[in-house]
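Everything on this sheet refers to the single structure shown next.
The values are calculated or read from the model by the stated rules, or taken from the named source; none is laboratory data. If you're wondering where the values come from, they're calculated on a predicted model, not measured in any experiment. Cβ atoms come from the backbone with ideal geometry, glycine included; neighbour counts cover every protein chain shown.
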Amino acid sequence: MAEEKLKLEDLLGNVQRVEELERIDYVAIIGGGIMGQGIAQTIASAGLDVLIVEVDEDHIKASQEHLKLSMEREISRWSMTQSELKSILSRIKWTVELKDVADSDVIIEAVDEDYDLKIKIFQALDKIARPHTIFISNTSTLSLTRIADATNRKDRIIGMHFLNPVPKVPLVELIRALDTSDKTVEIIKKFAAKIGKKAIPVYEYPGFITTRAIVPLLNEAMHILLEGIATAEDIDLAMKLGYNFKNGPLEMADSMGLDEVLAWMQTLWDTLGEPRYRPNPLLRKLVRERKLGKKTGEGFFKYDADGKIIK
């Protein structure tokens, strides 16, 4: 009888854990770069508490300063108030200790597009996090199934591909790995809606929708520039006027980060082997020179402190 009671208690405990998970209140983010900051701001804006994990105190300080400056620019454009800034920042905490994520309901990985790095992080998180915690990867090109295979919670691994700038883009791609459960998908769809995002379900495939569609456009614009057909300014102007783009493809690449764009292209080229994804030599040159776009002040264009093109 005691044994039967224990099993019943265990069952009830499992039910309670599922109920707790459906009430997502506390989210951890691994990586405080531009994407991590944007995701954190978006989640905190929805009234949830966020913990960002960075590699060291210097990275934390730099990320905090960048996030605050970014939000202060929004205040100057009248798209945010000072009280909103204070409220959002009050919900975002920072740490260098991975173990501090142990009580999180959801953990979002937002580091570089590197299989080995992501797998290493997920394996470490698997030992720290509670059994019901869902792991989310912000990958834009990599296989979620391969990442999930490195964990003991394959049913609770899912992808959410946010686009930059995260607080302004209403879309998130929802990527289901081979073993992702229906319950996990349901929970994360609700989470996406809560933070103001429309979740578009996609099959797991290199590049999904947005990355796979945009990369050939960016690459071709770079080839037009490399071949001397037009200047960077005129290439972007032609696409803005001709196709009603808000930003031209070269400025768009600069905004994404040229190192990130190169990583996407390289992954798609290696995986699919199609010439339209082969990274442009000019892109490789700029990345070698650490001219990575807006985040370094120079890429295809030069930028001021507010991220505006210097004419």
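Points to keep in mind about this one:
- Strands (runs of 3 or more DSSP E) lying entirely in region 153-221 (those with 2 or more residues that are at pLDDT 95 or above and either in contact with a Lys or Arg (Cβ under 7 Å, 6 or more places away or on another chain) or loosely packed, with under 15 Cβ neighbours inside 10 Å (or both)): 171-176, 198-202
- Filtering region 88-97 for residues that are in contact with an Asp or Glu (Cβ under 9 Å, 6 or more places away or on another chain) and basic (Lys, Arg) leaves a non-empty set.
- Scanning region 176-211 for residues that are among the hydrophobic types (A, V, I, L, M, F, W, C) and touching a Phe, Trp or Tyr at 6+ places or on another chain (Cβ under 6 Å) returns a single hit, Val202.
- The residue that is farthest from Ser63 (Cα to Cα), counting only those in region 133-147 that are polar (S, T, N, Q) and part of a loop (DSSP other than H, G, I, E, B), is Ser143.
- Looking at region 234-311, the helices (runs of 4 or more DSSP H) lying wholly inside it that each contain 3 or more residues that are among the hydrophobic types (A, V, I, L, M, F, W, C), in contact (Cβ under 8 Å) with a residue 40 or more places away in the chain and out of contact with any Leu (no Cβ under 9 Å at 6 or more places or on another chain) sit at 258-272.
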